[in-house]
1. Taking the range 72-113 on its own, how many of its residues are basic (Lys, Arg) and under 16 Å from residue 166 (Cα atoms)?
2. Looking only at the range 14-37, how many residues end up being surrounded by fewer than 18 Cβ atoms within 10 Å (Cβ to Cβ) and not in a loop (DSSP other than H, G, I, E, B)?
3. I'd like the residue in the range 47-64 that is surrounded by 11 or more Cβ atoms within 10 Å (Cβ to Cβ) and assigned to a loop (DSSP other than H, G, I, E, B) and, out of all such residues, is modelled with the lowest pLDDT.
4. For the range 109-144, name all the residues that are closer than 22 Å to residue 36 by Cβ and either out of contact with any helix residue (DSSP H, G or I) (no Cβ under 9 Å at 6 or more places or on another chain) or at pLDDT 85 or above (or both).
5. For a quick check of your reading of the model, give me the residue pairs whose first member lies in the range 36-63 and is within 25 Å of residue 92 (Cα to Cα), whose second is buried (at least 16 other Cβ atoms within 10 Å of the Cβ) and aromatic (Phe, Trp, Tyr), with beta-carbon atoms closer than 7 Å and at least 6 apart or on different chains.
6. Of the residues that make up the range 2-16, is at least one touching a Lys or Arg at 6+ places or on another chain (Cβ under 7 Å) and within 21 Å of residue 160 (Cα to Cα)?
7. Pull up the range 65-92, narrow it to residues that are in a loop (DSSP other than H, G, I, E, B), of a type in the set (D, E, K, R) and out of contact with any Gly (no Cβ under 7 Å at 6 or more places or on another chain), then point me to the one that is surrounded by the fewest Cβ atoms within 10 Å (Cβ to Cβ).
8. Considering (1) among the aliphatic types (A, V, I, L, M); (2) within 19 Å of residue 12 (Cβ to Cβ); (3) modelled with pLDDT of 90 or more; (4) assigned by TED's automatic domain parsing to the domain that holds residue 26, say which one residue 79 fails and leave the rest.
Amino acid sequence: MHNGFDGTAEEMHYFGAMAGVERGYTVLVFDGPGQPGPLHHEGLVFRPDWENVVGPVVDFALTLPEVDSDRIALLGNSMGGLLAPRAAAFEHRLAAVIALDGVYDLSRTVTDIMPGDWDENERRLRAVSDPELDAQLDHLIATNPVMRWALNHGMYVMGADTPAPSVPPSSTTASATASPKKLSAPH
């Protein structure tokens, strides 16, 4: 199990890990790139291909004698609820995936409060340069405390110098990339 945008692996102890152990499950909690441990200690920023984070975790889990390889589940909390289905779409050793409070499309948290059409805003967020957009995002940071925190934290965890690149592209982070057609049980 793992957290999301700003949560720690340690928080997961009281957010389900302890309850799982009390019920006889083997629970492995981890931080991936962009999350507190790897970000603070190794400078690893978020990456959209979360399956490449989960794969090595599954590899490690399979070395533990108490792990049943046919019953491995992945729980992602908060933004982890977006990342977990993405990983499960490509990591077929998972028997189950739980998107706890999953976010379907993280880019919508910013594009939905921007003036204009969603498709146009998404295109502008991906542009190499858009001074007008930079000014809009700077205005959001100056006037909206929630967006100030989200965009500043986003720049930190995504390794971005300006707010626009800190908004993950819909095309790489939307749970749509993990459509039900790509999700399957191993058995």
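1. 1
2. Number satisfying all stated conditions: 7.
3. Taking the candidates together, the pick is 48.
4. None; the set is empty.
5. That search, which allows pairs on different chains as well, returns 51/90; 57/30.
6. no
7. My answer is 66.
8. So the condition that residue 79 fails would be (3).
The values are calculated or read from the model by the stated rules, or taken from the named source; none is laboratory data. Bear in mind the structure is a predicted one, so any value in this text is a computation, not a measurement. Cβ atoms come from the backbone with ideal geometry, glycine included; neighbour counts cover every protein chain shown.
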